[in-house]
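No lab work stands behind these numbers, since they all come straight from the coordinates. Fair warning: this is a prediction, and the values are worked out from it, not measured in the lab. Positions of Cβ are backbone-derived with ideal geometry, glycine not excepted, and every protein chain shown enters the neighbour counts.
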Amino acid sequence: MTKLYGFAVSNYYNMVKFALLEKGAKFEEVAAMPSQENDYKAKSPMGKVPCLETDKGFLSETNVILEYIEASHASPALLPADAFAAAKVREVMKVIELYIELPARRHYGELFFGAPRSQAAFDEARPVLENGVNALKALCSFKPFLCGNFSLADIMAAHTFIYAQPVAQAIYGWDLVAAVPGLGAALEATNARAAGAKVMADQQAALKAFQEQAKG
Ligand SMILES: N[C@@H](CCC(=O)N[C@@H](CS)C(=O)NCC(=O)O)C(=O)O
């Protein structure tokens, strides 16, 4: 049986879980934290969460796992059949990962773990986020989802903005979602899907437990 390793606070983990649930795939969740121990790195070579155990072996890197899920479960399609349209969805996914998720992630330490502000992160992340937001405005139709029909890009967006929005709000006083007309409604529709609601409920419960544990 397919096994998804990770934890429900991880937004990358939740992207994969969302896709598996959308596909109606049978899978088991295995609790795992990022680790540089050799036994975990045998599964996920960078020691990151998530990784997926399949009947042929392990896979890491969320976009790769999402592509594998799409290729191995035909229905419902989460990428368009047309090659160009599918590439446009992948373009949006790449923009979200490189120019929203990764710059926002530079502030996770400050916002979620009480780390001191990194001035370099403060100065460098905002212009990247601005370009990312502008790219989404240019690339997405929001009719009604990011690229028209529901796709992997919506899954990635939902579990990127879930943390990127509060990060940008707290660090820059900037509402990233409101900055992209149509994005808020698309995210709401994504999170209202049965799979989206299940992932969100699990994420909220895990986040609460995580915050309570952190308080000690
Ligand atoms: N590029 C990786 C990033 C995954 C990632 O950063 N996961 C976080 C948890 S949300 C993690 O494992 N962090 C620990 C680390 O970076 O060592 C992917 O796409 O799966």
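Once every Cα of the range 71-128 carries one equal point scatterer and solvent is ignored, give the base-10 log of I(q)/I(0) from the Debye formula at q = 0.14, 0.18, 0.27 Å⁻¹, two decimals.
Computed log10 I(q)/I(0) values: -0.57, -0.69, -1.05.
With a 10 Å cut-off between alpha carbons and a GNM built on the chain, which of Ala158, Ala42, Ala170 moves the most?
Ala42
Can you tell me how much longer the chain between Phe210 and Glu28 gets when fully stretched, taken as 0.36 nm per residue apart minus their C-alpha distance, in nm with one decimal? Walk me through the intermediate numbers first.
On the way: separation 182, 0.36 × 182 = 65.52 nm, distance 2.13 nm.
The Phe210-Glu28 span can extend by a further 63.4 nm.
Among DSSP bridges having both ends in the chain, what percentage is antiparallel? Round to the nearest 5.
Details: 8 of 13 bridges.
Taking every DSSP beta bridge with both residues in the chain, the antiparallel ones total about 60 percent.
Hey, could you get me the Stokes-Einstein D for the range 30-75, Kirkwood radius over alpha-carbon pairs, 20 °C and 1.002 mPa s, rounded to whole µm² s⁻¹? Kindly include the intermediate steps, with their values, before the conclusion.
Working: Rh = 11.1 Å.
D = 193 µm²/s.
Using a Förster distance of 41 Å, how high is the FRET efficiency between Glu188 and Lys56, based on the Cβ-Cβ distance and rounded to 0.05?
Working: r = 37 Å, r/R0 = 0.90.
E(calc), rounded to 0.05, equals 0.65.
For the chain, treating each Cα as an identical point scatterer without solvent, what Debye log10 I(q)/I(0) comes out at q = 0.09, 0.15, 0.17 1/Å?
Each listed q corresponds, in turn, to -0.35, -1.02, -1.30.
Considering Cα pairs under 8 angstrom that are at least six residues apart, work out the relative contact order of the chain and quote it in whole percent.
Averaging sequence separation for qualifying contacts and normalising by length gives 21 percent for the chain.
Counting other C-beta atoms within 10 Å, and keeping those with at most 11, which DSSP coil chymotrypsin sites (Phe, Trp or Tyr not before Pro) do you find in the range 1-108?
Numbers: sites: Tyr5, Phe7, Tyr12, Tyr13, Phe18, Phe27, Tyr40, Phe58, Tyr68, Phe84, Tyr99, Tyr108; in loops: Phe7.
For chymotrypsin sites (Phe, Trp or Tyr not before Pro) across the range 1-108 that sit outside H, G, I, E and B with at most 11 neighbouring Cβ atoms in 10 Å, the list is empty.
Label-point separation (nm) for Asp39 and Tyr172, each offset 7 Å from Cα along Cα-to-Cβ?
4.3 nm
Quick check: pseudo-label points 7 Å beyond the Cα along Cα→Cβ at Asn63 and Ala138, how many nm apart are they?
It works out to 1.7 nm between the two label points.
About the Cα centre of the range 83-215, how large is the charge dipole given +1 on each Lys and Arg Cβ and -1 on each Asp and Glu Cβ? Please answer in debye to the nearest 20. Before the final figure, lay out each step's value.
Numbers: 13 positive and 12 negative charges, 42 e Å.
Here the range 83-215 has a charge dipole of around 200 debye.
Using only the Cα atoms of the range 55-167, construct the convex hull and provide its projected area averaged over every direction, in square nanometres to one decimal.
About 8.5 nm², averaged over all directions.
Mind checking which of Gly109, Phe18, Pro80 is farthest towards the positive end of the chain's charge dipole, using Cβ charges of +1 (Lys, Arg) and -1 (Asp, Glu) about the Cα centre?
The listed residue farthest towards the positive side: Phe18.
Could you derive backbone 3J(HN,Hα) for the range 144-149 from the dihedral phi with the Karplus parameters 6.51, -1.76 and 1.60 (θ = phi - 60°), listing whole Hz in sequence and x where the residue is Gly or Pro?
Rounded to whole hertz, the list is x, 8, 3, 10, x, 5.
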